[in-house]
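Below is one structure, written out as structure tokens, with a few remarks after it.
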Ligand code: S3P
């Protein structure tokens, strides 16, 4: 069965939704950022600090290329995965793409606690950084099979919507849907 791939900006709920969704579908959950951290033996924040964003993007691309060959997984990407067309092309070749979004205010609020871990938002004006990044990326998040605005939704509700979509689209089989 195809992978289920979550894309979307930071703070839209990709990781929390992905983990719950994988549990519900009894599939493996893969968080691309976590996998990069394991492979590199350090945190995303340190990778940005020591090697710069371009190096991080290269790691991200290599990890996505590997993970795109899996089957049956639920995959949460980092918010910037959409910046490289090749990433989306690879993920799409064996996956259903679900795009999560949220309002700027909700994103700023949800990312506030882990801002120190998010190099692109760890600045004097995180609200401005979110607006600026979203301006650049907005259209890149559009090319998905399903779009869900998670601003006013609990992760469980988002999972229900995704499962319903997957079921209707014939992407699931069996009782658990995995
Ligand atoms: C990034 C998002 C982060 C992480 C890195 C860069 C981005 O992932 O990959 O800090 O460019 O939007 P999350 O969206 O999972 O927080």
*Index of the failed condition, residue 160 passing every other in (1) exposed (fewer than 13 other Cβ atoms within 10 Å of the Cβ); (2) free of Cβ contacts under 8 Å to residues at least 24 places away in the same chain; (3) not in a loop (DSSP other than H, G, I, E, B)*: (1)
*Looking only at segment 97-115, count how many residues are free of Cβ contacts under 8 Å to residues at least 24 places away in the same chain and part of a loop (DSSP other than H, G, I, E, B).*
3
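Out of 124, 144, I need the residue that is in contact with a strand residue (DSSP E or B) (Cβ under 7 Å, 6 or more places away or on another chain), at negative phi and part of a loop (DSSP other than H, G, I, E, B). Which one?
Values: 124 fails: in contact with a strand residue (DSSP E or B) (Cβ under 7 Å, 6 or more places away or on another chain).
So the residue among 124, 144 that is in contact with a strand residue (DSSP E or B) (Cβ under 7 Å, 6 or more places away or on another chain), at negative phi and part of a loop (DSSP other than H, G, I, E, B) is 144.
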*When segment 17-38 is examined, which residues are found to be surrounded by fewer than 17 Cβ atoms within 10 Å (Cβ to Cβ) and under 16 Å from the mean Cα position of the chain (by Cα)?*
19, 28, 34
*Report yes if some residue within segment 13-30 is within 9 Å of the ligand (Cβ to nearest atom), within 23 Å of residue 159 (Cα to Cα) and either modelled with pLDDT of 95 or more or not in a helix (DSSP H, G or I) (or both); otherwise report no.*
yes
*Within segment 60-96, can you find the residues that are within 15 Å of the ligand (Cβ to nearest atom), buried (at least 19 other Cβ atoms within 10 Å of the Cβ) and either part of a strand (DSSP E or B) or over 14 Å from the mean Cα position of the chain (by Cα) (or both)?*
74, 75, 76
*surrounded by fewer than 17 Cβ atoms within 10 Å (Cβ to Cβ), more than 12 Å from the ligand (Cβ to nearest atom) and touching a residue at least 60 places away in the same chain (Cβ under 8 Å) - does that describe any residue in segment 39-55?*
no
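Being under 20 Å from residue 22 (Cα atoms) and either in contact (Cβ under 8 Å) with a residue 12 or more places away in the chain or more than 16 Å from the chain's Cα centre (by Cα) (or both) is true for just one of 118, 134, 168. Which residue is that?
Working: 118 fails: under 20 Å from residue 22 (Cα atoms); 134 fails: under 20 Å from residue 22 (Cα atoms).
Answer to the check: 168.
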_For residue 54: the one exception among (1) under 29 Å from residue 24 (Cα atoms); (2) at pLDDT 95 or above_ = (1)
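The values are calculated or read from the model by the stated rules, or taken from the named source; none is laboratory data. Values in this document were obtained by computation on a predicted structure and should not be read as measured data. Here Cβ is always computed from backbone atoms with ideal geometry, including for glycine, and neighbour counts include all displayed protein chains.
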